[in-house]
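A short write-up of the structure that comes next.
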Amino acid sequence: MTPSESSCSQKRTSSSALELGPRKKPSTQDPLVHCGRHFSRAVHCFCNIQTLLTNGIALMGEQAEEPEESLIASERKEYTIFRELLQMVPGLEPRLMMSSEEEVILVADLIQKGANGARADDTKGMKTTIIDWITPNGQSLNPHIPHNIKSGRGFHHERTGALLCPAGLDWNKSDIKSKLINGQIQVTGDQWPVFLYTNYTYDPEDPWNGLLRSGLLVSARFALTSAQIFSRTDLVTDSERFYTSILDLLDDPEEKEEVEQLLVWWNRQVFPLYTEHEHMPSQNSALARIRQKCAQYRNGAANAPS
């Protein structure tokens, strides 16, 4: 066998597609990263975790001396979010109380890593599917929007521009459209896009009508824009201000009735069988029998002679 033939033989026998190969060492991820992902999706998307922990620990020490009512509104809101994080992560509170400053920073970095990763994964997944959601049935977008390219979206496209146009502005007016496209009109985060509303229709006389009840909102937002990456400091969409302005409205006690109605609507979107009515257990079910026996026991104990 020539050296050349020997070399080829070695290459062919070094590995086989029919063999599973050596077992890879499983990679483990700190549970705090997973908690960070959930925290970002369920509690607060744009939170600076290190600042939240630092301020929260300081406030926790002060709370032993002063009531929570002594805090200003922003401190109280931040402290509430901090407490939610503590409840979400088992053992986090004692761990923080016993940690050095360096250890607190490490904990914050792990949670922040999870939060950042959740945002990246969510927006990446929406980038392609959003095109199908905004294309009318049986029609096509003109001009065509590639599924994997965002540069032609935002105010640069007729369809996405109409959806992102701030409520109260008329996208059909050429001067409004051109100013949005060239940036003469700077859209701030508290100028909410019309796609937040049912059927993308805004009523200035009743601004709560249809707000946050858009079918598209159930699925996405950021994927409509032309921004390449999701950033809280994005000057085009002003994402952080948009996010916090929505939260401020939902947390406003003066809007409690409308918010409760909105939550009912969302529960029905996510859980189609959701109902506000109380469900009584079936008459012959095991649950009904358990409750019946429990009631008999309580009544018997209450009527027993002392």
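The values are calculated or read from the model by the stated rules, or taken from the named source; none is laboratory data. Since we're looking at a predicted model, the values are computed, not measured. Note: ideal-geometry Cβ built from the backbone for every residue, glycine included; neighbour counts use all protein chains shown. We work out accessible area using only protein heavy atoms, side chains counted, and drop any ligands, DNA or RNA first. Shrake-Rupley method; radii C 1.70, N 1.55, O 1.52, S 1.80 Å.
Mind checking which residues of region 125-145 are over 27 Å from Gln184 (Cβ atoms), surrounded by 12 or more Cβ atoms within 10 Å (Cβ to Cβ) and not aromatic (Phe, Trp, Tyr)?
Hits for region 125-145 are Gly125, Met126, Lys127, Thr128, Thr129, Ile131, Thr135.
Pull up region 193-218, narrow it to residues that are open to solvent by less than 50 Å² (accessible area, probe 1.4 Å) and in a loop (DSSP other than H, G, I, E, B), then point me to the one that is farthest from Gln269 (Cα to Cα). If you could, list the steps in order and put the result at the bottom.
So the first thing to find is which residues in region 193-218 are open to solvent by less than 50 Å² (accessible area, probe 1.4 Å), and the list is 193-197, 210-212, 214, 216-217.
With in a loop (DSSP other than H, G, I, E, B) added as a condition, the list becomes 210, 212, 214, 216-217.
On the way: Gly210: 14, Leu212: 12, Ser214: 11, Leu216: 12, Leu217: 11 Å.
Checking each candidate, the answer is Gly210.
Do the conditions hold for Leu180, that is, is it open to solvent by less than 20 Å² (accessible area, probe 1.4 Å) and closer than 19 Å to Tyr243 by Cα?
For Leu180, the condition - open to solvent by less than 20 Å² (accessible area, probe 1.4 Å) and closer than 19 Å to Tyr243 by Cα - is not met.
How many of the residues making up region 147-161 are open to solvent by less than 50 Å² (accessible area, probe 1.4 Å) and free of Cβ contacts under 8 Å to residues at least 24 places away in the same chain?
Keep residues of region 147-161 that are open to solvent by less than 50 Å² (accessible area, probe 1.4 Å), which gives 150, 152-155, 157, 160-161.
Add one more test, that the residue is free of Cβ contacts under 8 Å to residues at least 24 places away in the same chain, and what stays is 157, 161.
So the count comes out to 2.
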